[in-house]
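Quick notes on the structure that follows.
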Amino acid sequence: MHYFVLTLEGKEGYFEIPIHHHLLIQAALYDLLEDDFARFLHDRGFQFGKRSFKLFVFSRLIGKFDLLKREGKIRFIGPTHLYVSSPLDEFNDAIMNAILRDDGLRLGQTFLQIKNIEYRKWDMPEGESFLVRTMSPITVYSTLFKADGRKYTHYYHPREKDFSELIRSNLLKKYLLLHGEAPEDSRLQVDPVGEVKEHILMYKGTVIKAYGGTFRLTGSRELMQIAFEAGISVKNSQGFGFIEPILERR
């Protein structure tokens, strides 16, 4: 697995952005891509039935911050990190070239300098069970119907029985898109370890419920590789489902 860590900084040593800023980060990453590729991912993406996959994922912003609830903003102080990952070479090349071009990242009206881009690579050791931490929360859902026929969205808690299977099904679709065939091993179990934290976030006026914490992945190494590089769960390109391995002592 591989991913990038972008070190960002405001011109004054700090910057302020809205509390709910996933859309701003998504737009800033699209701006780093070549126009045609960015338009393809944004407008169409990789189609699997009625679903569209963008095949990139990013973390929450990680750094020292103050929450300005009255203003509806968050102030990040000093260097702030953004994790970004994709199995797509064209996407990864664009991220690497951003620092060579001395590009910054514009989050709405806020311009951030990209002080550094670190490329991290991690080779999965032998085995079929790994601990991971969420660098952005995991969300999976189903569209269900009420007794009167109205639709509603049910977001699954990590301890609900369908949570793991929905993640496995999503990763299998991503694998098929990338490789054109099913993996030899399509097993995957996702189990929370300890307490999980609920996150309520807004994206384009829609409330999204997601969960962060530590999880154990067990099963197919092929599907786990996709989970690391393209994101686990759904809405990856909106900033959900970035996971990082926790190295365990054997």
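Read-outs throughout are calculated quantities, based only on the coordinates presented, and are distinct from any laboratory measurement. Since we're looking at a predicted model, the values are computed, not measured. Note that each Cβ is placed from the backbone with ideal geometry, even for glycine, and that neighbours are counted across all protein chains shown.
For the chain, calculate the relative contact order in percent as a whole number, restricting contacts to Cα pairs under 8 Å that are 6 or more residues apart.
Numbers: 517 pairs, mean separation 66.9, N = 250.
Answer for the chain is 27 percent.
Classify region 77-148: rounded, prolate or oblate, from the alpha-carbon gyration tensor (a ≥ b ≥ c, eigenvalue square roots; a/c under 1.5 rounded; otherwise prolate if a/b is larger than b/c)? Walk me through the intermediate numbers first.
Working: a/c = 2.22, a/b = 1.34, b/c = 1.66.
The shape class here is oblate.
Could you state the angle between the C-alpha long axis of helix 89-100 and the longest principal axis of the C-alpha atoms of the chain, as a value from 0 to 90 degrees rounded to the nearest 10?
Helix 89-100 and the main axis of the chain meet at about 20 degrees.
Hey, with R₀ at 22 Å, roughly what FRET efficiency would residue 11 and residue 121 work out to, going by the Cβ-Cβ distance, to 0.05?
Result of the calculation: an efficiency of 0.10.
Would region 46-95 count as rounded, prolate or oblate if I go by the C-alpha gyration tensor, calling it rounded below 1.5 in a/c and otherwise prolate when a/b exceeds b/c, oblate otherwise?
On the way: a/c = 4.70, a/b = 1.90, b/c = 2.47.
Since a/c reaches 1.5 but b/c is at least a/b, the shape of region 46-95 is classed as oblate.
Please report, largest first and rounded to whole Å, the three semi-axes of the ellipsoid equivalent to the chain, where each semi-axis is the square root of five times an eigenvalue of the C-alpha gyration tensor. Numbers along the way, then the final one.
Values: eigenvalues 155, 98, 75 Å².
Three semi-axes, in Å: 28, 22, 19.
Relative to the present Cα-Cα distance, how much length would full extension add between residue 71 and residue 144 at 0.36 nm per residue of separation?
Details: separation 73, 0.36 × 73 = 26.28 nm, distance 3.56 nm.
So the extension gain works out to 22.7 nm.
Whole-Hz Karplus ³J(HN,Hα) for region 158-164, in order, using 6.51 cos²θ - 1.76 cosθ + 1.60 and θ = phi - 60°, x for Gly and Pro?
With the stated coefficients, region 158-164 comes to x, 9, 7, 5, 7, 4, 5 Hz.
Let's test the formula: R0 of 35 Å, r as the Cβ-Cβ distance of residue 151 and residue 128. What FRET efficiency results, to the nearest 0.05? Each step should come with its number before you reach the end.
Working: r = 38 Å, r/R0 = 1.08.
Step by step, r from the Cβ atoms, then E = 0.40.
In sequence order, what are the phi-derived ³J(HN,Hα) couplings for region 129-138 according to the Karplus relation 6.51 cos²θ - 1.76 cosθ + 1.60 with θ = phi - 60°, rounded to whole Hz, with x for glycine and proline?
So the Karplus estimates, Gly and Pro as x, are 9, 9, 8, 9, 10, 8, 9, 8, x, 9 Hz.
Please compute the length gained on full extension between residue 19 and residue 35, using 0.36 nm multiplied by the number of residues separating them and subtracting their Cα-Cα distance. Kindly include the intermediate steps, with their values, before the conclusion.
On the way: separation 16, 0.36 × 16 = 5.76 nm, distance 2.83 nm.
This chain segment gains 2.9 nm when fully extended.
Under 18 Å from a point placed 7 Å out from the Cα of residue 218 along the Cα-to-Cβ direction: which residues of region 151-168 have their backbone N that close?
The answer is 158-168.
Go through 11/204; 54/235; 209/235 and tell me which ones have a Cα-Cα distance over 19 Å in this structure.
Values: 11/204 28 Å; 54/235 9 Å; 209/235 11 Å.
Too far apart for the 19 Å limit: 11/204.
Output the peptides 140-149, 78-87, 231-240, 207-216 sorted from most to least packed, where packing is the average of other Cβ atoms within 10 Å over each peptide's residues.
Taking the mean over residues of other Cβ atoms within 10 Å, the ranking is 231-240, 78-87, 207-216, 140-149.
With the cut-off at 1.5 for a/c, could you classify region 151-250 from its C-alpha gyration tensor as rounded, prolate or oblate? Present the calculation step by step, with values, prior to reporting the outcome.
Details: a/c = 1.74, a/b = 1.25, b/c = 1.39.
It comes out oblate by the Cα gyration axes.
Which entries in the list 73/115; 151/173; 121/161 go over 29 Å, if you measure between the two C-alpha atoms of each?
Among 73/115; 151/173; 121/161, the Cα-Cα distance tops 29 Å for 121/161.
Calculate, for residue 160 and residue 90, the FRET efficiency according to 1/(1 + (r/R0)^6) with r their C-beta to C-beta distance and R0 41 Å; round to the nearest 0.05. Before the final figure, lay out the partial values.
Numbers: r = 37 Å, r/R0 = 0.89.
The computed FRET efficiency comes out at 0.65.
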